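Here's the structure, in structure tokens; my notes come after.
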Amino acid sequence: MPKSKPEPATTDRAARPGKADAPGLPGAPVLGAVPIEEPTEPRVPLPPKPDQRGPAMVSPTGQATRVDQSERAQGGEYLTTAQGLRLPDTDHSLKAGPRGPVLIQDHHLREKITHFDHERIPERAVHARGAAAHGVFLGYGTAAAVCQAGFLAEGVETAVFVRFSTVLGSRGSADTVRDTRGFATKFYTEQGVFDLVGNNIPVFFIQDAIKFPDVIHAGKPHPDREIPQAASAHDTFWDFVSLHTEATHHTLWNMSDRGLPRSYRMMEGFGIHTFRLVDERGESSLVKFHWRPKAGVHSLLWEEAQLIAGTDPDFHRRDLADAIEAGAFPQWELGIQVFPDTPEQTFEGIDLLDPTKIVPEELAPVRPIGLMTLNANPLNYFAETEQVAFHPGHLVPGIDITDDPLLSGRLFSYLDTQISRLGGPNFAQLPINRPHTPVNDDLRDGMHQSAVHTGVAPYKPNTLGGGCPFAAGADAGGYVEFPVPVAEGATKVRRAPASFDDHFSQARLFWLSLSPVEREHVVAAYTFELSKCTQEAIQDRTLRGAGRRRPAAVRTGRRRARTGPRPPAKPWRTPPPAPPCPRFGRTGRGRPRAGSSASSPTPPPTSTSSAPCAGPSSTAAWSRWSSPPPAPRSARVPTRSRSSAPLPMPARSSSTP
């Protein structure tokens, strides 16, 4: 009788036939056991893990293909060239004898090395380090009173792809640095792609896009030494923000606990700008978008962030991916603040076109309009997370822009940077960027054109193409810009309106909304950041400006910024043991009391949660919603530990239209 083959050795001693597909811990690269020896029997590529999902199977022109996702990935059991030629060896170059020179005719060597040399593309100038996930958005239908967008209708499910990111650091920087976080969402709606491209902080550093290169140049590492990485604690950043005082409000948020989120799953998101919504009647309203995490809003302590950055720089990435793989799908509720669309585009004295200002929720409550659930990890980081291209100009009927000067500049910049970063104008044909609705755009050729267009008349008007494609009016689902009147008698000027001149009142409003513990965190953050500045003039200038929003903290911050943190206390003799603590059953030295358990609980370090800043109450708060506004929240933001219950979410009212 033929002898049976021995069972292959594996890295998992417990692995036996029948257990190969047993689920493992989140983060394992493959399911089941891996053999110690390299397999030699040809087989097809292994399938992806159950928590992973790629972009939808649509053609470069947005049409469903009915093709399985596995047919888009590598296939076949044998190694080949890019042209499909099977290869017997990929470990040795072709040489004239075993010790001879490498031959230039080695086509496999040239193809393999050349492709490797071109695998990297330019990383994003900002938001380079990111993590992303697939999900679904469910409309509540409560937005129908102000918006005609189809994906917001009740019960409509829309596929989404969300990318979280840090702003200043490179792709290889750490996750838990003090920084603003990007929160960009791509909705694949039946009316086209809608991108909501925001941050975890509701305001921005600048009011006009022309200053964007300046603030980023100032925040990036010093150009001579490329130091420091992913940090604002250096001279150029504080030199800029102390002179450009419209950055004051955002800087204060960044120095608060909001600059150190506990997890992407526990982070709010904001559209920052004011948008214009149009309803079925053709009437408009102004809105601000808010994402509210179901897990609550939580932050790290500065000491925790430093330790995590050293031990696991991928902490936020890993946390998001592992949670999804484990089935703990993160969720956010999308809400809007609604304001009347008046010619002044102001509300309660707040200029709605100023991206450095918020509207306190006591004046305009946030109304939930839908729920987003992230339920799948990407199949391939580069193909999806790195190549996804967001753009604030990707709009759908019912959602329009305003004259916010920062938003206007972003409408140009995002399109321009995608062409540079992704190698040409056809980035919308990349699988992750393809719309889930038919595309007939008359755009042709260009680098990386992957659609095979037909016909001879890619122009309008035409008869050779049968007149196709035809213009779509509003009745056919066409996007029609809202007819906003232009100011009569306006002249071309390079200046901002007078309402943009207030750079400090809302910063002070935010400071007053913080609890004493959170204020101490802010003072400590300014202390650390300014202590890294080598120029005393920059420290003085920053603290002089800080005194206009929080005078009580200036003296402390000035002293600490110049001298650094307080020196450690001198050591003293070890005192005798303190009486045992009745709660934990331990002595003052941390030793178990006789008869007590050595594993008695110890309180965890306190992390903090944050909430949007509160403002003064209003007797004239305006809302087009029929449901009553929620009660005003306290101006004091409570400090909570990570183990506390999630923040309460606003409930949908049955009377909401």
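How about the range 139-186: which of its residues are basic (Lys, Arg) and surrounded by 21 or more Cβ atoms within 10 Å (Cβ to Cβ)?
Arg163, Arg178, Arg181, Lys186
Is there a residue in the range 226-235 that is part of a helix (DSSP H, G or I) and open to solvent by 10 Å² or more (accessible area, probe 1.4 Å)?
Checking the range 226-235: at least one residue is part of a helix (DSSP H, G or I) and open to solvent by 10 Å² or more (accessible area, probe 1.4 Å).
Quick one: which residue in Thr114, Thr90, Thr158, Thr61 is within 30 Å of Thr417 (Cβ to Cβ), among the hydroxyl-bearing types (Ser, Thr, Tyr) and assigned to a loop (DSSP other than H, G, I, E, B)?
It is Thr61.
Hey, can you tell me all the residues within the range 330-354 that are within 17 Å of Val146 (Cβ to Cβ) and of a type in the set (Phe, Trp, Tyr)?
Phe339, Phe347, listed by residue number.
Go over the candidates Ser515, Ser499 one by one and state the one that is modelled with pLDDT of 95 or more, within 35 Å of the chain's Cα centre (by Cα) and open to solvent by less than 80 Å² (accessible area, probe 1.4 Å).
Ser515
Yes or no: Met255 touching a residue at least 12 places away in the same chain (Cβ under 8 Å), closer than 20 Å to Ser173 by Cβ and touching a Pro at 6+ places or on another chain (Cβ under 6 Å)?
no
Mind listing just one residue for me: the one in the range 30-76 that is open to solvent by 90 Å² or more (accessible area, probe 1.4 Å) and over 37 Å from the mean Cα position of the chain (by Cα) and, of those, nearest to Met447 (Cα to Cα)?
The residue in question is Arg43.
Would you mention how many residues in the range 290-310 are open to solvent by less than 10 Å² (accessible area, probe 1.4 Å), among the aromatic types (Phe, Trp, Tyr) and either in a helix (DSSP H, G or I) or under 21 Å from Gln345 (Cα atoms) (or both)?
0
Quick one: which of Gly446, Gly423, Gly455, Gly473 is on the phi > 0 side of the Ramachandran plot and over 33 Å from the mean Cα position of the chain (by Cα)?
Result of the check over Gly446, Gly423, Gly455, Gly473: Gly455.
The values are calculated or read from the model by the stated rules, or taken from the named source; none is laboratory data. Note that the structure is a prediction, hence the values are computed from the model and not measured. Methodologically, a virtual Cβ is constructed for each residue, glycine included, from the backbone with ideal geometry; neighbour enumeration extends over all protein chains shown. When the accessible area is computed, the model is the full protein with side chains, heavy atoms only, and any ligands, DNA or RNA have been set aside. Shrake-Rupley method; radii C 1.70, N 1.55, O 1.52, S 1.80 Å.
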